[in-house]
Amino acid sequence: MSQSLSKVAFLGLGAIGRPMAARVAARYPLTVWNRTAARAGAFAATVSCRVAPTAAAAVADADVVMTCLSTSADVDQLLHGPDGVLASLRSGTLFLDCTSGDAATSRRLATALEARGVAFADCPVSGGTNGAEAGILTVMVGGSAEVFERAKPYLEAFGKLIVHMGPVGAGDTIKAINQALLAANILSLGEALTAMVKAGVPARAGLEVLNASSGRSFVSESLIPARVLPGTWPKTFRLALLDKDVGIALDLVRQVGLEAPILSQVRAHTGLALKALGPEADYLEPIKLCEQRAGVEVRG
Ligand code: NDP
């Protein structure tokens with residue numbers, strides 16, 4: 001079968017899964033499945049694809065399976081749970097997990113899949129829902145060199161920079177590190193910007209100077225001007241998932257025998273913010289808590 005006609009199954013139509021799957025549909029015959037069926041129905045109303053009634057039915061005739069679930073534990077359950085799809089996968093299938101997962105579970109899943117002749121790579125992404133819509137995500141891949149080469153044409157549907165990081169789990173590792181730094185940045189900017197405003201410096205002018213100086217970051221350059229200054233606070237990535245990611249990074253730090261006192265504090269604070277804001281809160285909303293504590297708003 002020629003590569004352009006390979007059949008792809010995409011499982012997990014959440015906030016980022018939807019735009020990723022839509023881009024896959026533009027290149028390959030696509031079958032989708034989502035745990036909450038209504039989401040798959042809504043997706044298929046605007047994107048050319050087949051909706052499978054079960055996950056097992058989705059993967060049964062797929063050449064490539066892509067997953068984008070909340071956690072590696074969810075992917076594990078998808079494979080091994082009561083309605084697990086492991087037995088439905090054909091030998092020779094390529095299984096690309098785009099979940100921001102944990103390396104230990106990915107390695108275990110890879111071994112179970114390999115025993116059935118299915119090749120696995122962890123392929124977490126960065127770049128947000130806008131990046132997915134534009135097809136410019138960064139994709140960090142853990143797997144053999146051969147699997148990486150097989151995976152690339154499919155990942156190119158939504159990825160711009162696609163990097164082979166090393167064996168299975170290596171993609172999860174760099175993704176967790178990135179997320180820990182992202183969380184540290186959001187939390188510290190929340191504290192710093194509210195203090196700055198309270199001290200009398202207007203938010204937009206202060207941010208303009210920061211973004212032309214050495215304190216700048218992706219959060220200060222892109223996210224704060226687009227979402228916080230205008231007060232729009234779109235919900236694109238759940239804080240619960242960021243908290244999960246920082247937890248993965250901390251586990252990793254411990255696994256290599258190190259301590260990370262700063263990142264431990266970051267995790268403590270993402271956990272507190274999650275408790276205060278609830279499971280549907282967006283990842284930037286901890287800044288709202290800083291605003292409440294300071295009695296000011298970062299607007300402009
Ligand atoms: P959402 O919370 O929007 O969606 C999660 C998806 O996983 C839904 O389709 C959900 O199904 C499904 N799911 C969760 N648990 C299970 C399960 N046990 N069995 C089957 N399906 C399940 O998350 P996102 O789409 O935002 O994120 C998905 C992954 O991508 C996460 O690992 C996240 O960290 C990562 N990510 C997200 C980014 C973003 O900007 N949103 C950016 C980069 C990475 P249901 O609809 O039924 O709830």
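The values are calculated or read from the model by the stated rules, or taken from the named source; none is laboratory data. Remember, predicted model here, so these are calculated numbers, not experimental data. Glycine gets a Cβ as well: all are built from the backbone with ideal geometry, and neighbour counts include every protein chain shown. Quick note on the areas: whole protein, heavy atoms, side chains included, nothing else; ligands and nucleic acids left out. Shrake-Rupley method; radii C 1.70, N 1.55, O 1.52, S 1.80 Å.
Which one, SER264, SER100, SER214, has the greatest fluctuation when you compute a Gaussian network model over the chain with C-alpha springs under 10 angstrom?
Result for the chain, Cα springs under 10 Å: SER214 fluctuates most.
Rounded if a/c is under 1.5, else prolate if a/b beats b/c, else oblate: with a ≥ b ≥ c from the C-alpha gyration tensor eigenvalues square-rooted, which is the stretch 180-224?
On the way: a/c = 2.26, a/b = 1.35, b/c = 1.68.
Here the stretch 180-224 falls in the oblate category.
Distance in nm between label sites at ILE136 and ALA192, each 7 Å beyond Cα in the beta-carbon direction?
Result: 2.4 nm between the two label points.
First measure r as the distance between the Cβ atoms of ARG204 and LYS152, then evaluate 1/(1 + (r/R0)^6) with R0 = 45 Å and state the FRET efficiency to the nearest 0.05. The partial results should precede the final answer.
Values: r = 42 Å, r/R0 = 0.93.
Efficiency computed from Cβ-Cβ geometry: 0.60.
Could I have the simple spin-label model distance between HIS80 and GLN265, label points 7 Å from Cα toward Cβ, reported in nm to one decimal?
Result: 3.8 nm between the two label points.
Report the residue, chosen from SER220, SER70, SER106, that carries the largest GNM mean-square fluctuation when the chain is represented by alpha-carbon nodes joined by springs under 10 Å.
SER220
Considering only protein heavy atoms and a probe of 1.4 Å, how much of the accessible area of the chain is carbon and sulfur, as a whole percent?
Percent of accessible area from carbon and sulfur atoms in the chain: 56.
Starting from the Cα of LEU161, step 7 Å along the direction of its Cβ; do the same at ALA212; then give the gap between the two resulting points in nm.
2.6
Can you tell me how the stretch 1-65 classifies by the Cα gyration tensor, rounded, prolate or oblate, using a/c under 1.5 as the rounded cut? Each step should come with its number before you reach the end.
Details: a/c = 1.97, a/b = 1.34, b/c = 1.47.
In terms of gyration-tensor shape, oblate.
Rounded to the nearest Å, what's the spacing between the alpha carbon centres of the stretch 181-212 and the stretch 104-146? Just the number, please.
35
Can you tell which of ALA45, ALA73, ALA170 shows the greatest fluctuation in a Gaussian network model of the chain with Cα springs below 10 Å?
The residue with the greatest mean-square fluctuation here is ALA45.
From the phi angles alone, apply the Karplus equation (6.51, -1.76, 1.60; θ = phi - 60°) to the stretch 82-94 and give each ³J(HN,Hα) in whole Hz, x where the residue is Gly or Pro.
Values per residue, Gly and Pro as x: x, 10, x, 8, 3, 5, 8, 6, 7, 4, x, 5, 9 Hz.
All other residues with a Cβ under 11 Å from the Cβ of GLY92 taken together, and with Lys, Arg as +1 and Asp, Glu as -1, what is their net charge? Before the final figure, lay out the partial values.
Numbers: positive: ARG90, ARG116, ARG150; negative: ASP63.
Around GLY92, the charge tally is +2.
Run down the aspartates and glutamates and flag those whose C-alpha is under 16 Å from the C-alpha of LYS160, throwing out any fewer than 8 positions away in its chain.
Once the sequence-local aspartates and glutamates are set aside, what remains near LYS160 is GLU133, GLU149.
Quick check for you: with a 1.4 Å probe and neighbouring chains kept, what is the accessible area per residue of the stretch 74-133, in Å²?
Values: 2340 Å² over 60 residues.
Accessible area per residue, the stretch 74-133: 39 Å².
Of all DSSP beta bridges located in the chain, what percent are antiparallel, nearest 5? Walk me through the numbers before you get to the answer.
Numbers: 4 of 28 bridges.
Close to 15 percent.
May I ask which of LYS235/LYS275; LYS198/LYS288; LYS175/LYS275; LYS7/LYS235 have a Cα-Cα span longer than 26 Å here?
Working: LYS235/LYS275 17 Å; LYS198/LYS288 14 Å; LYS175/LYS275 24 Å; LYS7/LYS235 32 Å.
In this structure, LYS7/LYS235 lie more than 26 Å apart at Cα.
For a test of the definition: using alpha carbon positions, the gyration tensor, and the 1.5 limit on a/c, classify the chain as rounded, prolate or oblate.
Values: a/c = 2.13, a/b = 1.76, b/c = 1.21.
It is prolate, given that a/c is not under 1.5 and a/b is the larger ratio.
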